[in-house]
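Before any comments, here is the structure.
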Amino acid sequence: MRAFFRLSVIYFAVAMLVAAALGHLSPDHVAQGIAGTLEFVSRLSGAPPWMLLPAAAALVWVGRHQFSASIEDLLYGLGGIVFLQAAFSVMKVMIPEFVPFYADPWLADADRWLHGGIDPWRLAHRAFGGGDPHLASMLYFTIWTTMTILFPLFLAVGDPNRARAERFLILYAMVWIVVGNLMAVLGSSVGPVFVAQAYGSDAFAGLHAALDRSGLSDTMIGLTQDYLGWHLGTEDLAFASGVSAFPSVHVAMAGLIALYMGKRWPVMLPFAALLVAAVAFVSVLSGYHYAVDAYASILLVAVMWWLTRRYVATGDWRAAAHGPAAAAAAG
């Protein structure tokens, strides 16, 4: 956990240096960022907070045997999460300054080519039919955010296999930095729901009508899209105000958690796969992402998982060096 905390602090320091170099730390930008962050927090207050209670209870129950021995790790984990999220938010805002948004037409064309000439968002809305928009919103925001924020803390107090916890912490940071920042710069894009605002195109006018008809516009999905649209192009540092479509951090993080579930509890693998599919479906349904964003994210997580398994010197490797039985014991 100390390594995760140090990495997060370094990531935050780099983000602040880049923001300063690009002029984002001026008094006006900071003031706008604080005001925007307060607005974002007020919007999130509409999300059902009760989701945190069973999640926190489960965290304590799973880690009850080693909780007292992991208080230090828990504190390092909390600090690492705060610095990592702040850094990610700042870096995401600056994506169009590194590479202006350009990839949406290519991504939209790829989507249609892969799906028989039909936009995947249309297929998603047909499949959704009269589904519950609030349930979709809860999955995409409350449930996903709870799992994502608590994941490092679960590793700190709930996983007795420190080698496995170490590797998945590395993967957790890689999702935010590699998928959410580096790859997002290379594929600089806004996603279908923001194409009109970013490009002046009406290519996705039907999507907005579909969001209204389905009721998704009246949920946290719609409220957050209004928030992101308001800040798009303003260059302030309001928390979570950056826009990026390719690849999808939502799907990548769901994929990472699914890998962990399958690794630790193989019986949970079908549920884990269903979780990834559901998050990917809502990411397309909501217009935040193209389908190819989800496909690319799943592939990237699989590649990173393979790389860390092969090259990160964890207890898995150390145990393997002492024979198959020891390797099996290491998980």
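The values are calculated or read from the model by the stated rules, or taken from the named source; none is laboratory data. The shown structure was predicted, so the numbers you read here are calculated from the model rather than taken from an experiment. Every residue, glycine among them, receives a Cβ derived from its backbone with ideal geometry; neighbour counts consider all protein chains shown.
Residue pairs whose Cβ atoms lie under 8 Å apart, separated by 6 or more positions or on different chains, with the first residue in the range 119-143 and within 23 Å of A272 (Cα to Cα) and the second part of a helix (DSSP H, G or I) and among the acidic types (D, E), are P120/D111; P133/D218.
Which of the residues spanning the range 209-222 are surrounded by fewer than 18 Cβ atoms within 10 Å (Cβ to Cβ) and either part of a helix (DSSP H, G or I) or at pLDDT below 90 (or both)? Talk me through it step by step, then tell me what you get.
Keep residues of the range 209-222 that are surrounded by fewer than 18 Cβ atoms within 10 Å (Cβ to Cβ), which gives 209, 212-213, 215, 218.
Within the range 209-222, A209, D212, R213, D218 meet the criteria.
Which members of the range 59-85 meet the condition of being assigned to a helix (DSSP H, G or I), at pLDDT below 85 and not hydroxyl-bearing (S, T, Y)?
L59, V60, W61, V62, A69, I71, E72, D73, L74, L75, G77, L78 - these are the residues of the range 59-85 that are assigned to a helix (DSSP H, G or I), at pLDDT below 85 and not hydroxyl-bearing (S, T, Y).
Of the residues A203, A156, the single one that is touching a residue at least 40 places away in the same chain (Cβ under 8 Å) and in a loop (DSSP other than H, G, I, E, B) is A203.
Would it be correct to say that Y172 is within 18 Å of the chain's Cα centre (by Cα), modelled with pLDDT under 85 and part of a helix (DSSP H, G or I)? No: the conditions fail for Y172.
Specify which of the listed residues (M138, M94) is surrounded by 17 or more Cβ atoms within 10 Å (Cβ to Cβ) and closer than 30 Å to V18 by Cα. Reasoning before the result, please.
Working: M138 fails: closer than 30 Å to V18 by Cα.
Criteria check complete, one pass: M94.
Of all the listed residues (A273, A165, A184), the sole one being in a helix (DSSP H, G or I) and at pLDDT 95 or above is A184. Does the range 246-270 hold any residues that are farther than 16 Å from F141 by Cβ and not in a helix (DSSP H, G or I), and which are they? Correct list: F246, P247, W265.
The residue of the range 86-118 that is farthest from V179 (Cα to Cα), among those that are in a loop (DSSP other than H, G, I, E, B) and touching a residue at least 60 places away in the same chain (Cβ under 8 Å), is H115.
Of the residues making up the range 232-242, not a single one is surrounded by fewer than 22 Cβ atoms within 10 Å (Cβ to Cβ), part of a helix (DSSP H, G or I) and over 20 Å from the mean Cα position of the chain (by Cα).
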